[in-house]
Amino acid sequence: MEREVKAVATRISAYGQNVHKRFPSGDVVVGERDLAEQLRKKPAIVATALNVLLSERRVQKSALDGYWKLNV
């Protein structure tokens, strides 16, 4: 499971970078459920991956519950 979480975290970072390239003037904010649907992963795995990225300071929790700001 740890390997899958790392892989999802990498995909989340890549997703954030791609969105930022398309829309460079704004922040990239994602919802856990939307991201889980997009990546076709369970929401719990996406949440765990986001917490890994949080510990690496690559994301921040948003003011809205379940939403995250990607640091790209």
Mind checking the log10 I(q)/I(0) for the chain at q = 0.17, 0.18, 0.22 Å⁻¹? Debye, one equal scatterer per Cα, no solvent, two decimals.
-0.54, -0.61, -0.92
Distant-in-sequence amide H partners of VAL59 (H built 1.01 Å from N, under 5 Å):
LEU54, ASN71
Computed [θ] at 222 nm, helices only, for the chain once each DSSP H run of length n ≥ 4 contributes -39500 (n - 2.57)
-19000 deg cm²/dmol
Output wanted: per-residue J couplings in Hz (rounded whole) for region 38-46, from phi through Karplus 6.51 cos²θ - 1.76 cosθ + 1.60, θ = phi - 60°, x for Gly and Pro.
5, 8, 6, 10, 5, x, 5, 5, 5
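Values quoted throughout were computed directly from the atomic coordinates according to the rules given, and no laboratory measurement underlies them. Predicted, not measured: the structure shown is a model, and the values here were computed from it.
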